[in-house]
Amino acid sequence: MCVFVLILSLAGCATPLVRAVKKGQTQKVAALIEKGSTIDDKALMWAAYRGDAETVKVLLDRGADVNKKVSTFWDFGDLVTPLMIAVRYGHTDAVRVLLDHGADVNLKHSGVTALFYAAFYGHSELINLLISKGAAVSAGDIQYAEFNGFKTIAELLVRVSKKQSAQILGENSSAPDSTASASLESIPNLIEQPVSLKSDVDVPIYKTQENPNDFALVIGVEKYSNQLPDAQFADRDAEAIKNHLIALGFPPRQIKLLTDHQATKANVEAYLEEWLPRNVKEPSRVFFYYSGHGAPDIKSEQAYLVLYDGNPDFLGITGYPIKKLYSILNSLKTKEIIVAIDSCFSGAGGRSVLAQGARPLITKVDVEIPAANKMTIFSASAGNEISGTIEDQGHGAFTYYFLKGLNGEATDRSGQVTAQSLYDYLKPKVQDAANLKNRDQTPQLVSSKTPLKLR
């Protein structure tokens with residue numbers, strides 16, 4: 001796959017406002033502006049780059065120029081807009097905020113618009129959104145979508161382009177102007193989206209008081225950059241987990257959701273190894289969730305998370321070791337850490353991948369679940385099993401019953417949902433679902449000695 005490089009310039013000294021933006025400190029950004037801080041040109045760019053929709057809105061509401069072009073380290077030496085940056089990295093929420101504040105979809109840098117990046121990286125939802133706002137399709141958009149393997153998107157962009165050209169040339173002149181307008185409004189429907197799935201666990205039916213000290217990192221990787229098979233429904237899993245965390249009292253601004261291209265090894269390392277340690281305090285509750293592929297390393301027989309840019313052939317460089325994950329989380333200055341992993345590490349299929357030419361390790365892989373101290377760890381399956389999905393619900397089996405338990409099915413006699421009551425509920429449910437598909441899947445729980453109340 002061709003890679004089109006777009007990296008924000010780090011040159012120059014960052015202002016306090018830009019530093020706050022880069023750290024995701026939305027409230028501090030607002031406070032600095034109220035105290036008279038000038039909105040630096042790069043502030044909005046950094047917020048768009050991070051996909052921080054809340055901070056993007058704060059900056060725009062307070063006068064940031066939505067169409068301001070800022071220089072980047074960039075092959076063409078040209079200037080780009082915040083919209084181009086947000087589209088490039090697939091930050092749908094940030095793109096929506098920028099468009100709502102008047103971002104020009106047809107501004108160009110080096111001859112291309114924001115739509116080019118959506119086509120180049122296969123962001124079909126953003127293609128829909130941009131075209132609905134009047135983005136014009138170019139030959140380059142079509143060419144690079146096809147070149148990078150997004151043939152369906154390329155074919156549909158051709159159809160949209162022909163429709164746009166017909167209107168420009170007046171081939172629809174026999175129809176009233178309102179017909180042409182309606183035709184433009186129907187263009188987004190040409191961009192095919194996956195069938196919309198709804199599950200009875202997507203929306204929590206409970207609400208607890210918000211705890212300002214709580215932090216969460218939620219990762220879902222369904223599609224990969226290295227032509228790995230999809231981890232079906234991983235994105236939906238992560239989105240639903242975030243919804244339930246909000247209901248559990250985690251502040252939305254303190255839940256970092258990374259899906260697909262956002263969940264690179266570098267981003268995950270940044271949030272795990274810098275963001276969490278910097279923000280977590282002793283009263284904090286920390287939740288870590290991962291849905292996506294896992295993989296065993298053939299030489300070390302250790303387990304790895306396979307992130308968006310991961311490669312099972314080079315796990316030592318591109319994967320994130322489970323052992324390291326637990327070590328980092330266990331070092332946090334808090335007494336309560338909850339981990340839930342909907343993945344598997346046998347290399348035998350499901351949500352597990354293996355280096356090319358290697359055979360599944362089955363009973364050999366060491367999933368590295370430590371003796372519990374302050375961590376409560378839920379995992380989807382044993383080390384020699386695969387983790388499956390429930391297709392009609394659009395979720396991993398483990399995640400589906402995890403959330404269904406939180407929604408009330410796992411309450412104990414006192415009406416509470418504890419780690420143990422949740423596990424006691426979901427384990428047989430997941431086992432039964434797997435048995436129907438003639439396989440085994442046994443969720444695991446390692447819990448601290450102190451009973452943990454979830455809600």
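The values are calculated or read from the model by the stated rules, or taken from the named source; none is laboratory data. Just so you know, these numbers come straight off a predicted model, no measurement behind them. Note: ideal-geometry Cβ built from the backbone for every residue, glycine included; neighbour counts use all protein chains shown.
Every test in (1) crowded, with 22+ Cβ neighbours inside 10 Å; (2) on the phi > 0 side of the Ramachandran plot is passed by residue 426 save one, and that test is (2). Of all residues in region 98-121, those being in contact (Cβ under 8 Å) with a residue 40 or more places away in the chain, crowded, with 19+ Cβ neighbours inside 10 Å and out of contact with any Leu (no Cβ under 7 Å at 6 or more places or on another chain) number 3. Restricting attention to region 387-406, the residues that are part of a helix (DSSP H, G or I), more than 16 Å from residue 453 (Cβ to Cβ) and not aromatic (Phe, Trp, Tyr) total 4. With (1) in a helix (DSSP H, G or I); (2) without any contact (Cβ under 8 Å) to a residue 40 or more places away in the chain as the list, and residue 137 as the residue in question, which single condition is left unmet? It is condition (1) that residue 137 fails. Among the residues making up region 33-61, those that are assigned to a loop (DSSP other than H, G, I, E, B) and closer than 17 Å to residue 15 by Cα are 35, 36, 37, 38, 39, 40.
In region 199-237, of all residues being touching an Asp or Glu at 6+ places or on another chain (Cβ under 9 Å) and of a type in the set (A, V, I, L, M), the one that is surrounded by the fewest Cβ atoms within 10 Å (Cβ to Cβ) corresponds to 218.
Each residue in region 71-107 was checked for being in contact with a strand residue (DSSP E or B) (Cβ under 6 Å, 6 or more places away or on another chain) and modelled with pLDDT under 80, and 5 of them qualify. Test residue 394 against the criterion of being touching a residue at least 24 places away in the same chain (Cβ under 8 Å), within 21 Å of the chain's Cα centre (by Cα), on the phi > 0 side of the Ramachandran plot and surrounded by fewer than 23 Cβ atoms within 10 Å (Cβ to Cβ), and give yes or no. Considered against the rule, which asks whether it is touching a residue at least 24 places away in the same chain (Cβ under 8 Å), within 21 Å of the chain's Cα centre (by Cα), on the phi > 0 side of the Ramachandran plot and surrounded by fewer than 23 Cβ atoms within 10 Å (Cβ to Cβ), residue 394 comes out as yes. Considering region 122-150, the residues that are in contact with a Gly (Cβ under 8 Å, 6 or more places away or on another chain) and buried (at least 24 other Cβ atoms within 10 Å of the Cβ) include one that is farthest from residue 100 (Cα to Cα), namely 145.
Scanning region 320-367 for residues that are modelled with pLDDT of 50 or more and assigned to a loop (DSSP other than H, G, I, E, B) turns up 331, 332, 333, 334, 335, 343, 344, 345, 346.
Within region 265-303, the residues that satisfy the criterion of being within 26 Å of residue 223 (Cα to Cα), outside any strand (DSSP E or B) and in contact (Cβ under 8 Å) with a residue 60 or more places away in the chain are 275, 276, 292, 293, 298, 301.
So which residues in region 238-292 are within 16 Å of the chain's Cα centre (by Cα), basic (Lys, Arg) and surrounded by 17 or more Cβ atoms within 10 Å (Cβ to Cβ)? Listed by number, the residues that qualify are 242, 256, 265.
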